[in-house]
Each structure stands twice: as structure tokens, then as C-alpha cells.
Amino acid sequence: MSPTTAIDGNSSTNKKFKVTVVGSGNWGSVAAKLIGSNTLKLSSFHDEENVKYLPGIKLGRNVVADPDLVNAVKDANMLVFVTPHQFMEGICRRLVGKVRSDAEAISLIKGMEVKMEGPCMISSLISELLGINCCVLMGANIANEIAKEMFSEATVGYREHREVAERWVNLFSTTYFIVSPVQDVEGVELCGTLKNVVALAAGFVDGLDMGNNTKAAIMRIGLREMRVFSKLMFSSVKDNTFFESCGVADLITTCLGGRNRKVAEAFARNGGKRSFDELEAEMLQGQKLQGVSTAKEVYEVLSKRGWQELFPLFTTVHEITIGHLPPSAIVEYSEHTPNFSLVEGSAQYY
């Protein structure tokens, strides 16, 4: 999907902003709905938005479908990316030299790329390949509920320029969708990425009927591993970020109602005998799981550093998804408490 929303921006300079949403699926559709309704109200935006795929949701008259990715982005100075993370490098390479030099980007994508030198966040990939600044938006955001205008929150992570973050906040915020800015791109983005791995663990627990106490314990352990992994990867990550919508709130909602939990539950009920690919095709009507690929990417990082024992939940989830362990193994590591002080400089995380 390549939706383009035209939005007017800075009234002091009479600059107009035009938005393109590049993405697909329920969340891409909801993003276009939020943006489309807000751009009609804000004088700093153009009155037209381009979108490629938006099934099932009534959108504003300013939302225009455009199947041509390059054409959709060529005049936009605000780019919203909301695609499965495994497609982003290819999309960005197609857009090299095709976007405006003054464009700002925001990523709603939950995932990361693993390079030889370590993990590469999607926001960094966008910035490096397209040469533009990129914020992120993450949160407890099950798309179908937002589409029905049920109250929810989200977090915009930004690096330096608060005014850019506020522009994104204004673009997405409504009376039922409250957005707050946090100066911590990597922290916000890793929360949105890693919670899908924990959601798989929660789904295994549900599929084995282990109960709410077990599920709560898995979520707590998962949050601890999310925090430690994030701070080991990026020393700039802030503790407070984990208490924003992108952190504990997103973790809770994903472990209760997200697609990763749902498919992981089915995987466990089938004793791991049906593959995630098969279940995804059957259950998600073309939508993509993020947790399985993210678990693999996280495991690659852990194995290269010899950290598997420090992250027993992350490690076990990956081993279950590839069939090396049964779903019941999700609780069998729990007697082992990792000693994070074994990692140089990380004693404060233990």
C-alpha cells in the first residue's frame, strides 16, 4: 500500500505538507484513516492523500489510492512506513533518489534487520538509505479496535527535533487515539519489536492451558529481557520508555489479543506439528506474523555474542518456533535466573 496524505504544515512559513503512507494491512488502513481525517482539519496540509490498499475501512475523501510506489512518494514531504519489516530494505532501495530531500519519515514497523555488525533498526535503515530523518510510532494498537474508534494510546519516538515529533503527534492524534512524544527512538522501536517475541511465548502458554499466573510470569520475564536487550544494544535507551504505551501497554495488549499470540496458541494446541507458515496462511487472511522472524533475528544477535543463557525466554521461543523444542519448554527454563552481570558493563540491569 502506498497511501499519500496531503497535509499542510508550518503556518509561519506557509509550508504545506503532503503525506504518503507506504504500507498494507489493517494497521496501514487505520493509519490512513487517522491521517486522512486530521489532514482535513489542519490548514498546514494538502487536501489529498494517496493510498494503495485500504480494504474494509471507510476513509476520507482526501485519501487517494495509488498503486505506483514511486509516483505516490514523489511530492510528499511526510512519509509514513507501515509494511512487514522484511520488505523494508527492498522498498527503500526502490525509493533511493526518488524522495524529496526535505522529507521527514516515521516508521510504524515492528521488526529489525540483522547485519554482520549487529541489529539494524528499521528507522535507521530508512535514514541511511533515503538520507532523511525518521521517527517511530509504537504502542498498544490493535488496529481493528482503533478502526472502531475505541480509546487507545501510542508513543512517537524522536531523536533531536521536538517540533518534528509534535508534527507527527498532531497528524495521528484524535480524541480516541492519544499520542505522546518520547526522545528515545531506539527504545520505542525495540519495545514494539521485541514484544512480538514475548507474545509468542504467551500464546504457547494459552495453547497449553497453563493459566493466567503462568502467563503473567512469562510477560514479566519477557519485559525484563526486552529491557536488558534494548539497553545492551543501545546505551541511550531510557528506563521510562518501558512505562509508555510502546512498552508495558503494548506488551500487555499483544499478549492478550494480538495475531502473534493467536497463531502461537494454535501452534501449541497442535503440538508444534503444523508450521507457523501454514497456520499464518490459514488464520491471518494474508497478514504477516512478525514474531517468528523477529525471534530468529534476536537469536542471531544472541548467538553471535554468546548470550543465549542470558536471555532464556527469547532463546526458548526461537527454539520452539523452529521445532528444536516442544511448546511446553516455554516454562522449563524458569528455574534458571540469568546473571546479567556476566556481560561487561551490564551489572546495573540485573
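The values are calculated or read from the model by the stated rules, or taken from the named source; none is laboratory data. Predicted model only: the values in this text are computed from it and were never measured. Ideal geometry is used to build each Cβ from the backbone, glycine not excepted, and the neighbour counts take in all protein chains shown. Calculation scope for accessible area: heavy atoms of the full protein, side chains included, ligands and nucleic acids excluded. Shrake-Rupley method; radii C 1.70, N 1.55, O 1.52, S 1.80 Å.
List of remarks:
Residues are listed down the side, and each one gets a yes or a no for (1) among the small types (Gly, Ala, Ser); (2) under 29 Å from Ala329 (Cβ atoms); (3) assigned by TED's automatic domain parsing to the domain that holds Met283:
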residue: Cys191; (1), (2), (3): no, yes, yes
residue: Ala217; (1), (2), (3): yes, yes, yes
residue: Glu225; (1), (2), (3): no, yes, yes
residue: Ser236; (1), (2), (3): yes, no, yes
residue: Cys255; (1), (2), (3): no, yes, yes
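- Cβ-Cβ distances below 6 Å connect the following pairs, each with a first residue in region 110-137 that is touching a residue at least 60 places away in the same chain (Cβ under 8 Å), a second residue that is open to solvent by less than 10 Å² (accessible area, probe 1.4 Å) and among the acidic types (Asp, Glu), and a separation of six or more residues or different chains: Met121/Glu189; Ser123/Glu189.
- Here the condition is being under 23 Å from His324 (Cα atoms) and modelled with pLDDT of 95 or more; of Val263, Val237, Val301, Val248, it holds for Val263 alone.
- Taking region 232-241 as the range and being surrounded by fewer than 22 Cβ atoms within 10 Å (Cβ to Cβ) and in a helix (DSSP H, G or I) as the test, the residues that pass are Leu232, Met233, Asp239, Asn240.
- Per-region count, region 316-325, residues open to solvent by 20 Å² or more (accessible area, probe 1.4 Å), among the hydrophobic types (A, V, I, L, M, F, W, C) and in contact (Cβ under 8 Å) with a residue 40 or more places away in the chain: 0
- The listed residue being in contact (Cβ under 8 Å) with a residue 40 or more places away in the chain, open to solvent by 20 Å² or more (accessible area, probe 1.4 Å) and β-branched (Val, Ile, Thr), out of Val292, Val298: Val292
- So Met138, is it modelled with pLDDT under 90, surrounded by 24 or more Cβ atoms within 10 Å (Cβ to Cβ) and either touching a Ser or Thr at 6+ places or on another chain (Cβ under 6 Å) or not assigned by TED's automatic domain parsing to the domain that holds Val298 (or both): no
- Listing of helices (runs of 4 or more DSSP H) fully contained in region 136-207 that carry 1 or more residues being under 20 Å from Gly36 (Cα atoms): 143-147, 162-172
- When the residues of region 102-135 are filtered to those that are assigned to a loop (DSSP other than H, G, I, E, B) and touching a Phe, Trp or Tyr at 6+ places or on another chain (Cβ under 9 Å), the one that is farthest from Gly23 (Cα to Cα) is Asn133.
- Those residues of region 301-315 which are in contact with a helix residue (DSSP H, G or I) (Cβ under 9 Å, 6 or more places away or on another chain), part of a loop (DSSP other than H, G, I, E, B) and either without any contact (Cβ under 8 Å) to a residue 24 or more places away in the chain or open to solvent by 10 Å² or more (accessible area, probe 1.4 Å) (or both), in sequence order: Trp307
- Residues within region 104-121 that are at pLDDT below 95, β-branched (Val, Ile, Thr) and buried (at least 24 other Cβ atoms within 10 Å of the Cβ), tallied: 1
- Beta carbons closer than 7 Å, at least 6 apart along the sequence or on distinct chains, pair a first residue in region 69-80 that is of a type in the set (Lys, Arg) with a second that is open to solvent by 10 Å² or more (accessible area, probe 1.4 Å) for Lys74/Lys98.
- Output for region 216-231, where each listed residue is surrounded by fewer than 18 Cβ atoms within 10 Å (Cβ to Cβ) and touching a residue at least 24 places away in the same chain (Cβ under 8 Å): Ala217
- Selection status of Asp250, in a helix (DSSP H, G or I) and closer than 18 Å to Ser107 by Cβ: yes
- Residue match in region 172-180 (condition: farther than 21 Å from Glu332 by Cα, free of Cβ contacts under 8 Å to residues at least 12 places away in the same chain and surrounded by fewer than 21 Cβ atoms within 10 Å (Cβ to Cβ)): yes
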